[in-house]
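Trainee: A single structure is presented below for examination.
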Amino acid sequence: MQTVKVPLGNRSYDIQIGPKLLPSLGAGCAKLGLGRRCAIISDSHVAPLYAKAAQRSLTKAGFDSFVITVPAGETAKSLKSVQSCYDQLAAHRLERSSFIVALGGGVVGDLAGFVAATYLRGIAFVQVPTTLLAHVDSSVGGKVGVNLKAGKNLVGAFHQPRLVLCDLDTLKTLPPREYRAGLAEIIKYGIIYDAALFARLERDMPRLLKKEPKILADVVARCCEIKADVVGQDETETGLRAILNYGHTIGHAIEAISGYGKYLHGEAISIGQVAASKLSNRLLGFSENEVDRVTNLFRASGLPTKIKFNRAQITRLCAAMKLDKKVSAGEIKFVLAREIGKVEFGQKVPMSLVEEILQAS
Ligand SMILES: NC(=O)c1ccc[n+]([C@@H]2O[C@H](COP(=O)([O-])OP(=O)(O)OC[C@H]3O[C@@H](n4cnc5c(N)ncnc54)[C@H](O)[C@@H]3O)[C@@H](O)[C@H]2O)c1
Ligand SMILES: [Zn+2]
């Protein structure tokens with residue numbers, strides 16, 4: 001097992017990464033000095049696979065747990081699910097010392113974390129992520145929340161978990177398309193922070209696609225380290241944390257105009273990161289060769305690198321970007337790369353250049 005620390009003063013916590021970790025959930029929670037009662041929040045795909053094992057481990061450590069199951073998919077990240085969770089927590093008389101275990105992907109983590117942040121003005125929670133995206137990204141850093149009709153993640157909070165337990169064995173049941181989507185965030189960490197990680201991914205992608213345990217553990221741990229490092233420096237995104245959004249401005253717009261669900265988040269940001277790399281080439285000296293390396297690595301992971309957009313779609317994409325981000329004087333702020341491993345946030349990009357790059361892709 002590898003352990004990564006998220007350094008946040010008295011709210012610091014450990015991320016544990018390795019195989020066969022779920023059976024140690026109870027023992028891990030016992031070390032945190034939490035109350036006896038807890039709720040496991042999971043979804044309809046994950047609960048049948050892993051909730052029993054989680055409960056067994058909690059019972060063995062002396063905890064009294066029950067399971068709340070929400071429907072699988074992004075629609076569960078809603079105020080309606082939040083309400084339903086509150087009602088069940090109250091019915092089971094959870095107290096200030098009680099805690100929540102988020103058992104699932106990013107949807108469950110964001111929802112359960114938000115419920116934990118607000119129920120009784122905040123109770124403790126533990127993340128047990130079960131998707132690759134959740135292992136390397138959403139379970140770490142404390143951003144929690146739900147969607148409104150008007151848009152994604154519009155209601156939320158910062159609420160750090162007390163422990164994150166990445167059991168790599170849970171990835172064995174993850175559908176291949178979801179696994180590949182997680183690789184898009186992994187490649188992102190290479191581009192924004194770690195040229196050596198990027199080079200390793202270029203070398204070892206075939207093995208990572210086969211989920212070889214050693215490389216999977218190393219890569220997940222390195223990504224968690226990077227996220228922990230960034231979040232440790234800028235917990236509430238006043239600056240540096242923005243670099244985690246590399247490729248996300250265009251990616252979010254693609255998700256929004258194509259209807260949430262057509263492209264998985266990882267697929268949309270894969271296209272977004274290739275486009276951001278091309279913008280970086282035009283504005284920040286990111287070399288042609290590096291644009292090719294980025295494109296090739298996404299391709300080698302089985303991720304899309306471009307979509308043929310027509311004129312009307314490009315207009316809608318730009319409108320979506322303007323909604324997502326403040327645009328002033330025809331310019332929009334992007335995270336751009338200077339070289340692989342080094343990016344800068346707050347880079348002003350003319351909207352006309354964004355259109356040109358999208359047209360050419
Ligand atoms: N809080 C953050 O910092 C942050 C960061 C990135 C993304 N997110 C959020 O994360 C969400 C996406 O997360 P996701 O990609 O994990 O999607 P998800 O939670 O919807 O999971 C994807 C699918 O895989 C299924 N699944 C999960 N684990 C499984 C397993 N081990 N075996 C079989 N099936 C499994 C789920 O039921 C679901 O159908 C989005 O809502 C996004 O906004 C949050
Ligand atoms: Zn993302």
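Trainee: Output the residue which, of all residues in the range 83-125 that are assigned to a loop (DSSP other than H, G, I, E, B) and within 20 Å of Q55 (Cβ to Cβ), is farthest from ligand 1 (Cβ to nearest atom).
Mentor: R93
Trainee: State all residues of the range 126-159 that are within 11 Å of ligand 1 (Cβ to nearest atom), assigned to a loop (DSSP other than H, G, I, E, B) and not aliphatic (A, V, I, L, M); if no residue qualifies, say none.
Mentor: Residues satisfying the conditions are T130, T131, S139, G141, G142, H159.
Trainee: Here is a follow-up. Would you mind finding the one in L165, L120 that is modelled with pLDDT of 95 or more, crowded, with 23+ Cβ neighbours inside 10 Å and of a type in the set (A, V, I, L, M)?
Mentor: On inspection, the qualifying residue turns out to be L165.
Trainee: Consider A61 carefully, then state whether it is touching a strand residue (DSSP E or B) at 6+ places or on another chain (Cβ under 9 Å) and surrounded by 14 or more Cβ atoms within 10 Å (Cβ to Cβ).
Mentor: For A61, the condition - touching a strand residue (DSSP E or B) at 6+ places or on another chain (Cβ under 9 Å) and surrounded by 14 or more Cβ atoms within 10 Å (Cβ to Cβ) - is not met.
Trainee: Tell me the residue from R311, R293 that is more than 21 Å from the chain's Cα centre (by Cα), more than 30 Å from T238 (Cβ to Cβ) and surrounded by fewer than 14 Cβ atoms within 10 Å (Cβ to Cβ), please.
Mentor: R311 is the lone residue from the list that is more than 21 Å from the chain's Cα centre (by Cα), more than 30 Å from T238 (Cβ to Cβ) and surrounded by fewer than 14 Cβ atoms within 10 Å (Cβ to Cβ).
Trainee: Still on this structure, please answer the following. Pull up the range 256-269, narrow it to residues that are more than 10 Å from ligand 2 (Cβ to nearest atom) and within 14 Å of P304 (Cα to Cα), then point me to the one that is surrounded by the fewest Cβ atoms within 10 Å (Cβ to Cβ).
Mentor: K262
Trainee: State yes or no: is G62 closer than 16 Å to A157 by Cα and not aliphatic (A, V, I, L, M)?
Mentor: So G62 does not fit the description; no.
Trainee: For the range 67-91, which positions are surrounded by 15 or more Cβ atoms within 10 Å (Cβ to Cβ) and either modelled with pLDDT under 95 or not small (G, A, S) (or both)?
Mentor: Residues satisfying the conditions are V67, I68, T69, V70, E74, K77, V82, C85, Y86, Q88, L89.
Trainee: What are the residues in the range 46-55 that are assigned to a helix (DSSP H, G or I), hydrophobic (A, V, I, L, M, F, W, C) and surrounded by 19 or more Cβ atoms within 10 Å (Cβ to Cβ), if any?
Mentor: A47, A51, A54
Trainee: Grab the helices (runs of 4 or more DSSP H) fully contained in the range 221-306, keeping just those with 3 or more residues being of a type in the set (S, T, N, Q).
Mentor: 265-283, 288-300
Trainee: Also, I was wondering about something else. Among the residues that make up the range 25-45, is at least one of them surrounded by 15 or more Cβ atoms within 10 Å (Cβ to Cβ), at pLDDT below 95 and acidic (D, E)?
Mentor: No, the range 25-45 has no match at all.
The values are calculated or read from the model by the stated rules, or taken from the named source; none is laboratory data. Computed from a predicted structure; not experimentally measured. Positions of Cβ are backbone-derived with ideal geometry, glycine not excepted, and every protein chain shown enters the neighbour counts.
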